[in-house]
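No lab work stands behind these numbers, since they all come straight from the coordinates. Bear in mind that the values here come from a model prediction, so they are computed numbers and not experimental data. Neighbour counts run over all protein chains shown; Cβ positions are idealised from the backbone, glycine included.
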Amino acid sequence: MVRGSLAGPRVLLRRLREIMAEPISAQARLDKIVVQIAANVVAEVCSVYVLRSDGVLELYATEGLRRESVHRAALRVGQGLVGTIAAEARPLNLTDAQLHPAFTYLPETGEEIYHSFLGVPVLRAGRTLGVLVVQNRAHRTYNEEEVEALQTTAMVLAEMMAAGELEGLAKPGTAIDMRRPVALTGLPLTEGLGIGHVVLHEPRVVVTNLIAENPAEESARLDAAIASLRLSVDDMLSRDDIADHGEHREVLEAYRMFAYDRGWVRRMHDAIRNGLTAEAAVEQVQSDTRARVNRQSDPVLRDRFHDFDDLANRLLRVLVGRGHGKDGDELPADAIIVARNMGAADLLDYDRERVKGLVLEEGGQTSHVTIVAKALGIAAVGQVADAVALVENRDAIIVDGETGEVHIRPTSEVGEAYAEKVRFRARKQEQYRQLRDRPAVTRDGVAIDLLMNAGLMVDLPHLTESGAAGIGLFRTELQFMIAATLPKMTEQKNLYASVIDAADGRPVTFRTLDIGGDKVLPYLRTWHEENPAMGWRAIRLGLDRPGLMRVQIRALMHAAAGRELRVMLPMVTEVSEIAQARGLFERETDHFKRHGHKRPSKILIGSMVEVPALLWQLDELMAVSDFVSVGSNDLMQFMMASDRANVRVAGRFSPLSRPFLRALKRIVAAAEKAKVPVTLCGELAGTPIGAMALIGVGFRSLSMAPASIGPVKTMLLELDAGKIAARLDAALDAGGPEDRVQAELRTFAREEGIPL
């Protein structure tokens, strides 16, 4: 080969742009592209293989191999040189291809006469969509410029595939991989089914202008965008609410290190010199890096790539002048939001009538966005690996919040199965609605108060819809978490008054602010804590910041004027904290008297039992509490030393274990002895088997998500409370494996015909 005959990537891209603009068929366009590439690289062969949904790489176009082998020659991923490139997502440059151990001879192609081989993966968002190959008879190694030219050209093919232009060329039953159905499994966050179309929370910037007219101008645009990106990162690290020391600071410094990485910038400038626009250069380097990281088994390295990926997305948005966040396009009527992660306020920005589901790559069962999703009745699944990379806006998608399954571009069979599941759920919901006004009384005449958890105005209609006996937990912090600034006293009062009005005489229990720890408010200064769940939060923060707590108490008292006010204190660790909180209430009562404000008819102050230390202060606790409420989520994680947000250990221990149920029974006994009302609010109360166990240990008041009231009521109407208490007592006293209690509960339900 004569070195000077290489036309160069920029010339090739200009010619490809002309081909892309021609009004010809997809096959004719591919055929012209391989001819043009072969001429540019001075290769005797140029071939394009496209990855099908069945994991086979099919020859879609060739210049140099036998024409009759097009759409006939095929290799599985991992088979042969082409399959190896697809599996490893990296180029292969060989002087004599037939000496490579992975070489596979395809007689229909006539390629046995060619020796030198260069193949590159066709990548988009880190996914391999196909392979682009050039070959020559001579034994030679392709130089760096030729490799770059082929990689740059592969981007054009990737966009062509992503646009769906090649779908019409696929034979029946051999759809291309870009549109193949994908089934993923994550962590169920909220119950329900969502069937609809993908809306990316932060949509990828679709790069349509790939080929540069003026490389010097594109380099200048890239430099300006990088400077802007770095400035925004520096500003982020200099904010007052970012502490100077701690592990989180190291994470942010690593983020800044990526932004200033010279290798990243150099690779993007190299891509521009090869003829790409600034946007296309960023996308190419991002896609190549993602493909390399996907080959790594080190979870730490894969986690660090999220920072790089986020920076690349931000850089693309700077280049196209788009803000960081969701687009303003109109939502489809059946939107399924897909995101790496998002805040509670972000979800509330969407039209709740149109959002049917939520899929997160991160997110846990107790994250703020999950709480809001439950309030909105949105099916949600978290911990879904690579969800963002695998979808495109408007893809069909199904979210199963019960099993954690996510189906992207589902087959018609899967779609019909889930449509039937939706119809079945609708029939069940109609059954639950028919039970709405029926008293929640067991077969042996034991009345159970079924209350609902709430925290936002959108929750209030559920009071009537679910038939709840009242609100057992109103999370006041949600108003603070979704606000841009600290809510004023009048804003708080208006919300609390609306809640009491909506309850229409039914009891409402307000929990004072449970902020701090992992519930960070952007407008309040915070400090890094190694263990935020056990740190400066809830009542601890409230007593240390009495001004904040007094404003909330005053708002609650104004809202409940002339009516009963029930307030409970979260994260109580010592009985003395209740006395301190009562002192704040007494101070506000005096303030109301002095100013002639109308006071609540009665103020009841209760304590949440969620710190194990209270189990050894129960008599003292009951003596100073008007009621108690067990926060089973936190009590469980503290008792078992098991972080409920950590997916590796969250499911390791069961709340239906002997130690936990014995602790709950102890709380009920102390409350009965002191004649103090006791309620349990938490995930355990919202499952039929959990509620059955709680009734068995003596609870007569349970608070849960509104959607759980129907299934739990259906269960308890068939339950004999006396029988389950006796059966559970025996199980708690017996020995054996820890899962025996849960097995005994299921056996009892089966014998008694109790629906779980």
- Query: Hey, what angle do you get for helix 247-259 against the long axis of the chain, alpha-carbon based, 0 to 90 degrees rounded to 10?
  - Reply: 20 degrees
- Task: Towards the positive end of the charge dipole of the chain, with charges on Cβ (+1 Lys, Arg; -1 Asp, Glu), say which of L716, L92, V42 has the farthest Cα.
- Result: L716
- Lys and Arg at +1, Asp and Glu at -1: neighbours of V48 with Cβ under 12 Å from its Cβ sum to -1
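Of K602/K665; K665/K713; K673/K723; K602/K713; K488/K602; K428/K675, which ones are farther than 32 Å apart at the Cα? Walk me through the numbers before you get to the answer.
On the way: K602/K665 29 Å; K665/K713 22 Å; K673/K723 22 Å; K602/K713 30 Å; K488/K602 24 Å; K428/K675 38 Å.
Table pairs above 32 Å Cα-Cα are K428/K675.
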- Task: Collect residues whose amide H, placed 1.01 Å from N in the peptide plane, falls under 5 Å from the amide H of M568; neighbours closer than 5 in sequence don't count.
- Result: F510, R511, T512, G606
- Message: How much length would be gained if the chain were fully extended between K428 and S642, taking 0.36 nm per residue of separation minus their Cα-Cα distance, in nm to one decimal?
- Response: 73.6 nm
- Residue (of L614, L75, T174) at the positive-pole extreme of the chain, dipole from beta-carbon charges: L614
- Would you mind checking the tilt of helix 740-752 against the longest principal axis of the Cα atoms of the chain, expressed as 0 to 90 degrees and rounded to 10? 80 degrees
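How large is the charge dipole for the chain, taken about the Cα centre, if only the Cβ atoms of Lys, Arg (+1) and Asp, Glu (-1) carry charge, to the nearest 20 debye? All intermediate terms of the calculation are to be shown ahead of the outcome.
Details: 92 positive and 102 negative charges, 313 e Å.
The calculated dipole for the chain is roughly 1500 debye.
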- Bridge orientation stat for the stretch 519-642 from DSSP, antiparallel percent rounded to 5, came to 10 percent
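Only bridges with both residues in the chain count here: give the DSSP antiparallel percent, nearest 5. Walk me through the numbers before you get to the answer.
Working: 48 of 89 bridges.
For the chain, the DSSP antiparallel bridge percentage is about 55.
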- Where N is the number of residues in the chain, Cα Rg divided by 2.2 N^0.38 Å: 1.14
- Task: Have a look at A726, A693, A705 and report the one farthest towards the positive end of the charge dipole of the stretch 670-756, computed about the Cα centre with Cβ charges (Lys/Arg +1, Asp/Glu -1).
- Result: A705
- Message: For a quick check of your reading of the filter: which trypsin sites (Lys or Arg not before Pro) in the stretch 580-641 sit in a DSSP loop and have no more than 12 other Cβ atoms within 10 Å?
- Response: K598
- Task: Kindly express, to the nearest 10 degrees and within the range 0 to 90, the angle between helix 658-674's C-alpha long axis and the longest C-alpha principal axis of the chain.
- Result: 30 degrees
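Filter the chymotrypsin sites (Phe, Trp or Tyr not before Pro) in the stretch 101-140 down to the DSSP loop ones having no more than 15 other Cβ atoms within 10 Å, then list what survives. Let's see the in-between values first.
Values: sites: F103, Y105, Y114, F117; in loops: F103, Y105, Y114.
Those that pass, being in a loop and sparsely packed, are F103, Y105.
Nothing charged except the Cβ atoms of Lys and Arg (+1) and of Asp and Glu (-1): what's the magnitude of the dipole of the stretch 654-756 about its Cα centre? Round to the nearest 20 debye. If you can, show how the numbers build up before the last one.
Details: 13 positive and 11 negative charges, 65 e Å.
Value, rounded to 20: 320 debye.
Which order do the peptides 153-159, 431-437, 313-319 take when ranked by the mean count of other beta-carbon atoms within 10 Å per residue, highest first? If you can, show how the numbers build up before the last one.
Details: 153-159: 24.0, 431-437: 12.7, 313-319: 21.3.
Top to bottom by mean Cβ count within 10 Å: 153-159, 313-319, 431-437.
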- Task: Report, in debye and to the nearest 20, how large the dipole of the stretch 3-179 comes out about its Cα centre when Lys and Arg carry +1 and Asp and Glu carry -1 on their Cβ.
- Result: 220 debye
